[in-house]
Structure formats: structure tokens, C-alpha cells
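This report concerns only the one structure given below.
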Amino acid sequence: MALLEIRGLCKSFAHVVANADVYLDVEAGTTHAILGENGAGKSTLIKMISGLYRPDSGEIALDGAVQHFASPRDAILAGIGVVHQHFMLIPAMTVAENIVLGTERQRDAATPRQSRLLFNRKRAAASVQELSESLGLPIDPWARVETLSVGMQQRVEIVKALYRRARVLILDEPTAVLTPQETEELFAVIRKLNQDGIPVIFISHKLDEVRAIASTVTVMRAGKTVRTAPVADATAAQLANWMVGRDVILQSRKEEVAVGDSVLEVKNLSASDDRKTEKVRGVSFSVRRGEIFGVAGIDGNGQTELVEAIVGLRKVNGGSVHLLDRDIGHMSVGERIARGIAYVPQDRQQDGLILSFSIAENLQLREVSKAPFSRRGWLTRAAARKRAQQLVEEFDVRPPVIDASAGSLSGGNQQKVILAREMSRNPELLVAVQPTRGLDVGAIEGIHRYLLQLRAEGRSILLVSLELDEILSLADRIGVMHAGEMVAVMDNQNVTRESLGLAMTGKWSEKEAIS
Amino acid sequence: MPLYAVLTGLILGGVIMAIAKYNPFAAYAALFSGAFGSPTAIGNTLAGAVPLILAGLGIAVAFRTGLFNIGAEGQYWVGAMAAVWVGYHFPTMPWIVHVPLALGAAMLAGGIWGGVIPGLAKAFVGAHEVITTMMMSYIAILIAHFMVENGPMMAPGYVPQSPTVAASATLPPILPAVFLNSNLSDGFFIAVAAIVVVHIVLFHTTLGYKLRAVGFNARAARYAGMNVPLYTVLALGVSGVLAGLAGGVQLLGVDFQLTDTFQSGYGYTAIVVALLARNNPIGIFFASVFFAALSAGSQIMQINAGVSANMTDVITGIIIFFVATDRLYGYWSQKMRPHRPSSTAAIISGKGESPQ
Ligand SMILES: Nc1ncnc2c1ncn2[C@@H]1O[C@H](COP(=O)(O)OP(=O)(O)OP(=O)(O)O)[C@@H](O)[C@H]1O
Ligand SMILES: [Mg+2]
């Protein structure tokens, strides 16, 4: 008998049926992947299993016993541990506080006893440290969560779930925010948990990962579970086909485009992060017409600051930024938008969208003062809506309901709204940071096609990505960032994964670069 | 939800009256007839709603932009002072110039007091508007005291009050034949016009769009190229303009001179009005009438049912409690979730995400 059984779960929202008759059996000690397009209903399913949403109908059974979760607390007590797609940590608190939070009064043999009234920080920290080390996920229990990298925050979420003695661990797109190394570490933890008999539900859009870690895969399409199969039998192309319902071209093909004059000229640029540590040190490069310039590097080597300095969100300490021969280094964000810089930011929920605004309102965010969104200060609603409807269809945002709030969209569809807005502006320069993060293979194919089309039209694209594959398949030239410097700029033709990897870790000598 | 808070407030108030051995039904009947029982009563209730509407709109605009203007009371008083000063200084001016001039002065004074000063302080040195608007409010009230207590605006004689405004600066009563001698003046039309204007600005102009964007997610607004400090100053400024207008309209339409009480309470009740109305301009009309009715009816309740007029304060308190806990609950539960940008405005306006 399966440890976790889902039988006929249904859940509808105002505009969509998110889950329609979902079935799932998760066996103890296995890793069960759930695959599905953006908006297929994966996160909704997880939210029901974890007590955040109440199902309209259907059953959840753990060890054969039917569960009725009225709140996340019930689910936690029953042994469901979840790391959500968007983390649920309290940034101002320490790691230990976050992990222990809510369990202070739980008394049993394994969780360390806390007194009823007083919270014992030291004891909490010690127990957290002990647990995290035994799991092979060392973390500093005293660090404040807001100072941690995303990968570390995820670690905190995992330890938090296991501290609550989870019997099932659910990871909703855990690798979307991880570097390849961190992903490997995560996989080691998953395997260890499996050995201890704890099943892991693993949601990802990356087919290779699913093939690497999962033993069984369930495919969801439009709210339904359409197929469950052992992973061993399936190729990546097959998985993609099951998911999207058609063949997906996993490798995008580039046509030859004649590169033109330089559009973006960055010279000797330096910039600091919010704590005034210099993060970009004398970076120089240029992006030409009809060119995709990829920026590769391990997360945190200055890519974010570099991009923010180019789009105007961060002050430049030194050096210059020229767009079409105009010095834009000291212009405001608004002026740079007007001069044709489009920007897909890394953090879609914090920077890219206003979640309580509708899709239509979000699509006009960066150019509300221009046609067709407004005329002389008056919003021209009808025209804006027409445009929104077009974009939503063109970029396949689901559901294509322009009045739905951006916050109600699935993660991948939120990303599509941002891409639709930025790419449709016919920008001189598109700065895209992790543009396909969280998108399903079908959508990635679409976005890549779109980027290549912009390139073919002679636009310039600055593509920052942590995914080497993405950079290798799209970029014409690749700049590698390490410790705030652009240590190498290479032509994609004569680049290998190995040389990229060497440069990213700073073990690259200039001599080789010349060749 | 707002209705639920109102009903709970009324019911709990009734229970408390019953415990105190009053007849709650008789009390509410008296309250209602005091508020709406006669044309005069209706006129007075509507008149009482006018300053609440104006100040409430001001607070709502600030909330929408994610800002908490709690100094509307002081902005009301600087507006009142400015209107009265202009009102008695130019007795020969024609009505058509004098009234707009006096009201313009009130708006300007309120705008500078509530908006520009706290707005700039927030935008450039990061001083929180809750503190600055409140402090500016105290200063305003103390200045008002000074003005009429042997200060430059004191009328000749020994009574601490200002001269009465000239007839050319007063707002005439509306339909005196219908509302008899109630306090309802043309200020009512100004309040209604303000509702329409605020609604249009918020939802039909790029300015309103930007104000709301800044309020919901300042980071995204910055990314969108919006000048966040500018809109902060602007929102607080408009907020102060409306609260100042409330003071001006009240003085030119109802009070006609400053006396040294300086406790209108409108600026504070207006916060509750905005909360109850979820910053919806049209909702503000009804919330204002409701609170004005409570206060107008409470006198009659005291006379006819023998229930202390303070009982209405209890009811108001309970309503505030329910409105506030509900909103605050939403606020905190969102605050506790990172990566979900939220803001005071999103919560207070009830437009934040709600996952079910
Ligand atoms: N709170 C909500 N209110 C309204 N609709 C919602 C809400 N949450 C999800 N939906 C809708 O339900 C559908 C399923 O969303 P869900 O987040 O489960 O997708 P997903 O499979 O996790 O997608 P992704 O891969 O993009 O994260 C989507 O169409 C989404 O718009
Ligand atoms: Mg999801």
C-alpha cells in the first residue's frame, strides 16, 4: 500500500478548474516526480496536500487513513513536510527560530523539549544544528534568514520540514533557484531520505533532473493526472511529449544573423551591493546588433549588480554605460525605459509584477504613460485591454483571463506575463535575467524562439542565466563573471563546457583566452 | 465584511446596553430617529458626513499609496484657520471669488502641512509618515490655540475666538425649505464632487495608476521607472489637501469662526471611515453617513432613552476593533510570508491576494 494516496481531488478557482480528478500513489522510500506544464495544477495539488487549500472534493490518505486538513498545522502534525515554490520563511528571524517556530509546545521524545512559556534560544539552536548536520545539510542556526542565499533558505525549509518529523517531503520546483552544485547536494539529501524510508515528491520542469532522481513520474495536464509511469522507461523527449501533448524541440536552432554596430557599451563599470561591498569591478563588454550576449557565472558573482547598474536600478560607482552612443550611466530607470531598454528581472514577484493588479494592469506597468495604455494622462482602458488580450494569447498565458490578478497565476505564467510585456516593446536592448526560470519545456521552447526572433530582427539581448545549457544554446558570445570581474569573453563557437566551468571558478588564464 | 463589522458593533453595543439595564431597542430607535427622523435630522446627519467624506478621501488616497496619514485632524485645523483668515479679511470680495479663494487657501495649507512636509521628510530622510503627520498635527492644533488665544486671529474682546467670516465667504445652505434650519450647506456638493474626482483620478488616470502601483509594491514601481519619492510626496499632499478642504468647508458652511475647542475628531474618525470603506471612494460616502448618523443620533438617544451618548463611542470602538482586527490579521499573515510583496495599502484596501 502506498504511503500517500490521492484519490480524485478537485479544486476550482474563480477563473479556472485547477485540479480535476487527481490521482497519485506515493510509495515509501521512493522519489515521485510530478511533471506538468505551467498552470497544470501542480502547486495547487501540493497546497491541498499541505492543508493550505481545502479540496472541493476527493480524498487524501496517509498510511491508509483518510485525512481532513483544516489548516497547514494539521498537515504538518500528520507528517506532511513541504517546501513551497515561494518560500514561507520569516526573513527577520534566525534560522533556528524559523525552524522551531510553531513547534515550541509540541512535546514528544524526538523534538527537544521547550518550556511552556519561555523560548530557549540556545537549546533550539543546538537541536537545529544537530539535525541539520545529521542530514548533511549544515546551516548556521544563528544566521538571520534574510542574509542567506536562496539555496541556503531552501535548506532551512527542508530542515524545518524534517524537524517537524515529516513522513513525506514535498519539494515544489526546488531546483529552479539552485546552482548545479547545489542541485547535486540536494539530490544527495533526497537519496538519503529515501534510504530512511521517507518518500519525496519532486516537482520540476527539468526533464534531466526528473530522470536523474525520480523512480516514478506522474504527468499532469490541465488539472488532470494523465499518466503515471516508471522513469527508467522514458526518454526526455518522451517525457516532454507526455507533458505537452506534442513533440517539443529541446534543442533550439539558430540562424545566421549578421551582427551590426554595438548597441550597449559597458566600460570599466563598477558598482556595489546594498551593503556597499563592491560587487562589480571594472567590467567592460559590448553587445552588438543582432547578437545575444550571454553572461555566465556562479550565482552571486556580481551578475545581479551588473544588470541593475545597466538598467538604472543601481548607482554606478565608476565607468560608463552607453546605449547607442548615448551615455546612459546616470539616467533614471524611466529614461532608460524610454530609450529602449527592456528588462526581465530575476525576482518576478518582488520586482516584475504587482500581484494584486490584474494581468492587463501588469502588462502596462513599464509604459503606462504611453499609447495604447493612456492618452494625455487618461487611461485608455479599451485599447489597453485589447492589447493585453493579444499579448496573453500570443504568449500563451493561462488562463487567458486579463482581469485575473497576477497573484492568482501559476509561477510560470507570472513569468510569461513579464516576458510578454518586455519582449513586445520592440526594445533596442533586452536585458533578461533567468528568463525561463520556472517555465515548462513547451514554454521555454516558445521563449527561446522569441529571443532568437528578436535577434533576427537585429535587436540586442543581454542574457544572464545560471543555466549553462541555455547560454550555450542561445548566446553568440559569452562573458564569464567571477568575483565581480568579467574574467573571459568567448565566442560560443570555440567554447567548451569545461573552459566555461574553469572560467566560472576563476581558474582561467588569459593566455588560453586569446586562442 | 464592512457590513459585518458594523452589524457586530451594533449587536454587541446592544448587548452591552442590555447588561447595563437599558432597553437596546428603544435606544436604537431613538438613535435612528435622531439621525434620520426629520428633514432637519437628515440634513444635520448629511452635514456631519461632509468633513468625514473629505478627510476620509484624503486618508484613503494615502492608504492606496501605502502611506498612513494619521495627522488629518491637524490638516483639518490648518485648513480651517486658512479658510477663516481669508474669510474675514476680504469682506468686499464677490462671493464667486471669495469662497474659492478661502477654500483654495484651506487646501493649500492642508497640503503643505500634511503632505509636502511629511512627504519630503519621508522621501529624503526616511522619516516615517506616521510620526511626522502626527507631530505636525499636534503643532497645528497648538498653533490654532495660539491664534485665537490672544494671537493674531483673535476677535476684539475677551472671548478666545476668531472673527466671523464675511457673508461673501460662506457656503449657502442647501434647500433651506426642505431641511429647515439644518447645517447642510453647499459643502455637501463639494464633498460629492470630491468623491467623483478622487474616483476618476485613482482609476482612470495614469497618475492614479502610479499611486496605486507605488502603494502595492514600491520595488516594482521603481523597476517600472516610477519616481517613488515623488509619488510619496504627491499622495501625502493630496491627502492633506482633502483634509484641509474638510476644515475649510466646515468653517465656511457650518461654524463660521474658530472657537478654542480644536477637537473636531473628524481627522480621527476619517481613518475609521477609510478603513471601513476599504479606501473605495463611493464606500467612503456611506461610511461617513453612518458615523455621522451615530454621532447625530446619540444626543437623541441620550434624551429619549436615557442612554449615555458615550454609548455610541462604545459602538464605534467595537466597529473599529472588528474592522481593524480583520484588516490587521490579513496584514500580519501576509507580512509573515516573504516573497509576497505586500503593503499597507494592499491590505487596507482589501485587494491583497487571498488564496481561497
Ligand atoms: N489562488 C488562486 N486563485 C485563482 N486561481 C488560481 C489560484 N492559484 C492557482 N490558480 C490557477 O490554477 C491553475 C493551476 O495553478 P498552479 O499554481 O497549481 O500551476 P502549476 O502547475 O504549479 O504551474 P507552474 O509550473 O507555473 O508553477 C492556474 O491556472 C492558476 O492560474
Ligand atoms: Mg507551481
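The values are calculated or read from the model by the stated rules, or taken from the named source; none is laboratory data. Note that the coordinates shown come from a computational prediction; the quantities given were computed from them, not determined experimentally. Neighbour counts run over all protein chains shown; Cβ positions are idealised from the backbone, glycine included. Heavy atoms of the whole protein, side chains included, go into the accessibility calculation; ligands, DNA and RNA do not. Shrake-Rupley method; radii C 1.70, N 1.55, O 1.52, S 1.80 Å.
In table form, for the structure just shown:
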read-out: Candidate set: the range A:39-49, residues that are open to solvent by less than 10 Å² (accessible area, probe 1.4 Å) and more than 7 Å from ligand 1 (Cβ to nearest atom); chosen: the one farthest from the other protein chains (Cβ to nearest Cβ); value: A:Ile49
read-out: Pairs, first within 16 Å of ligand 2 (Cβ to nearest atom) in the range A:6-17, second in a loop (DSSP other than H, G, I, E, B) and of a type in the set (Phe, Trp, Tyr), C-beta under 8 Å, six or more apart; value: A:Lys11/A:Tyr53
read-out: Qualifying residue in the range B:32-42 (condition: within 11 Å of the chain's Cα centre (by Cα) and assigned to a helix (DSSP H, G or I)); value: no
read-out: Check on A:Ile170, aliphatic (A, V, I, L, M), at pLDDT 90 or above, open to solvent by less than 50 Å² (accessible area, probe 1.4 Å) and more than 16 Å from ligand 2 (Cβ to nearest atom); value: no
read-out: Meets criteria (modelled with pLDDT of 90 or more, closer than 28 Å to A:Gly51 by Cβ and open to solvent by 20 Å² or more (accessible area, probe 1.4 Å)) for A:Arg113; value: no
read-out: So A:His322, is it modelled with pLDDT of 95 or more, more than 10 Å from chain B (Cβ to nearest Cβ) and surrounded by fewer than 17 Cβ atoms within 10 Å (Cβ to Cβ); value: yes
read-out: Test: A:Arg449 is more than 22 Å from A:Ala240 (Cβ to Cβ), assigned by TED's automatic domain parsing to the domain that holds A:Glu470 and not hydrophobic (A, V, I, L, M, F, W, C); value: no
read-out: Members of the range A:78-93 that are under 14 Å from the mean Cα position of the chain (by Cα) and not in a loop (DSSP other than H, G, I, E, B); value: A:Val83
read-out: Those residues of the range A:350-368 which are over 15 Å from A:Gln389 (Cα atoms) and open to solvent by 10 Å² or more (accessible area, probe 1.4 Å), in sequence order; value: A:Gln350, A:Asp351, A:Leu355, A:Ser356, A:Arg366, A:Glu367
read-out: Failed item, numbered, when B:Gly13 is tested on (1) outside any loop (DSSP other than H, G, I, E, B); (2) open to solvent by 40 Å² or more (accessible area, probe 1.4 Å); (3) under 19 Å from B:Asn310 (Cβ atoms); value: (2)
read-out: Tally, over the range A:417-441, of residues that are within 16 Å of ligand 1 (Cβ to nearest atom), in a helix (DSSP H, G or I), open to solvent by less than 10 Å² (accessible area, probe 1.4 Å) and out of contact with any Pro (no Cβ under 9 Å at 6 or more places or on another chain); value: 2
read-out: Neighbours by Cβ (under 8 Å, 6+ apart or cross-chain): first from the range A:327-345, within 8 Å of chain B (Cβ to nearest Cβ); second open to solvent by 30 Å² or more (accessible area, probe 1.4 Å) and outside any loop (DSSP other than H, G, I, E, B); value: A:Val333/B:Arg222; A:Ile337/A:Glu367
read-out: Any chance A:Glu255 is over 29 Å from A:His205 (Cα atoms), more than 14 Å from every other protein chain (Cβ to nearest Cβ) and open to solvent by 20 Å² or more (accessible area, probe 1.4 Å); value: no
read-out: Count of residues meeting criterion [assigned to a helix (DSSP H, G or I) and modelled with pLDDT of 90 or more] in the range B:280-309; value: 13
read-out: In the range A:36-57, residue nearest to ligand 2 (Cβ to nearest atom) [restricted to those that are outside any loop (DSSP other than H, G, I, E, B) and closer than 17 Å to A:Pro199 by Cβ]; value: A:Lys42
read-out: Some residue of the range B:23-37 being within 23 Å of B:Ala274 (Cβ to Cβ) and of a type in the set (Ser, Thr, Tyr); value: no
read-out: Helices (runs of 4 or more DSSP H) within the range B:166-279 that include 2 or more residues more than 11 Å from chain A (Cβ to nearest Cβ), open to solvent by less than 10 Å² (accessible area, probe 1.4 Å) and in contact with a Gly (Cβ under 8 Å, 6 or more places away or on another chain); value: B:228-250, B:266-276
read-out: Some residue of the range A:294-308 being facing chain B (nearest Cβ under 10 Å), of a type outside the set (S, T, N, Q), within 30 Å of A:Ala384 (Cα to Cα) and crowded, with 20+ Cβ neighbours inside 10 Å; value: yes
read-out: Criterion: closer than 20 Å to A:Ser408 by Cβ and either open to solvent by 60 Å² or more (accessible area, probe 1.4 Å) or more than 8 Å from chain B (Cβ to nearest Cβ) (or both) - qualifying residue of A:Ala388, A:Ala371, A:Ala383; value: A:Ala388
read-out: Search result, residues across the range B:176-195 that are in contact (Cβ under 8 Å) with a residue 12 or more places away in the chain and among the hydrophobic types (A, V, I, L, M, F, W, C); value: B:Val178, B:Phe179, B:Leu180, B:Leu184, B:Phe188, B:Phe189, B:Ile190, B:Ala191, B:Val192, B:Ala194, B:Ile195
read-out: Meets criteria (more than 16 Å from ligand 1 (Cβ to nearest atom) and either over 23 Å from the mean Cα position of the chain (by Cα) or open to solvent by less than 20 Å² (accessible area, probe 1.4 Å) (or both)) for A:Leu462; value: yes
read-out: Every pair of residues 6+ apart whose Cβ atoms lie under 7 Å, when the first sits in the range A:437-464 and is touching a residue at least 12 places away in the same chain (Cβ under 8 Å) and farther than 14 Å from A:Ile249 by Cα while the second is within 15 Å of ligand 1 (Cβ to nearest atom) and among the aliphatic types (A, V, I, L, M); value: A:Arg437/A:Ala176; A:Gly438/A:Ala176; A:Leu439/A:Ile447
read-out: Where A:Met331 falls short, out of the listed (1) open to solvent by less than 40 Å² (accessible area, probe 1.4 Å); (2) within 16 Å of ligand 1 (Cβ to nearest atom); (3) over 22 Å from B:Phe216 (Cα atoms); (4) assigned to a loop (DSSP other than H, G, I, E, B); value: (2)
read-out: Single residue of the range A:392-414 satisfying the filter (open to solvent by 10 Å² or more (accessible area, probe 1.4 Å) and not in a loop (DSSP other than H, G, I, E, B)) that is farthest from the other protein chains (Cβ to nearest Cβ); value: A:Glu393
read-out: The range A:192-203, residues that are open to solvent by 10 Å² or more (accessible area, probe 1.4 Å) and either under 24 Å from A:Met220 (Cα atoms) or within 16 Å of ligand 2 (Cβ to nearest atom) (or both); value: A:Asn194, A:Ile198
read-out: Total residues in the range A:80-101, condition over 24 Å from A:Gly412 (Cα atoms) and in contact (Cβ under 8 Å) with a residue 60 or more places away in the chain; value: 5
read-out: Criterion violated by B:Phe286 - all others in (1) open to solvent by 10 Å² or more (accessible area, probe 1.4 Å); (2) under 15 Å from the mean Cα position of the chain (by Cα); (3) in contact (Cβ under 8 Å) with a residue 24 or more places away in the chain satisfied; value: (3)
